[in-house]
Amino acid sequence: MTEILTTHAGSLPRTPALIEANAARPVGDDGLTPEPTDEFREVLRSAVVDVVAKQREIGISLPNDGEYGHLMGSAVNYGS
């Protein structure tokens with residue numbers, strides 16, 4: 001039987017830890033752009049590992065990072 005590959009499109013809800021880490025990032029010299037910190041990078045890396053594992057667990061054959069690297073201040077953003 002032929003396997004049907006599955007994936008999804010779009011953002012996945014952010015974890016509370018990722019939202020907090022995003023909010024804690026210092027603002028850059030332009031006064032707008034959050035600067036990445038080592039702590040943020042580690043929280044992001046861990047969140048991506050977890051969300052990819054969850055997708056695999058439920059049968060997604062082509063998982064992705066859920067757009068976790070995009071800055072968001074809430075779990076979901078319906079305006080994106």
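Computed over neighbours whose Cβ is under 13 Å from that of Ala24, the net charge equals -3, Lys and Arg +1, Asp and Glu -1. Please give the helix 38-57 orientation as an angle from the longest Cα principal axis of the chain, in degrees from 0 to 90, rounded to the nearest 10. Computed tilt is about 20 degrees.
Extension gain for the segment His70 to Asp30, taken as residue separation times 0.36 nm less the Cα-Cα distance, is 12.6 nm to one decimal.
Taking the Cα centre of the chain as reference, the dipole from Cβ charges on Lys and Arg (+1) and Asp and Glu (-1) amounts to some 280 debye.
Every read-out reported here was derived from the displayed coordinates using simple, explicitly stated rules and does not represent laboratory data. Model, not experiment: these values are computed from the prediction. Ideal geometry is used to build each Cβ from the backbone, glycine not excepted, and the neighbour counts take in all protein chains shown.
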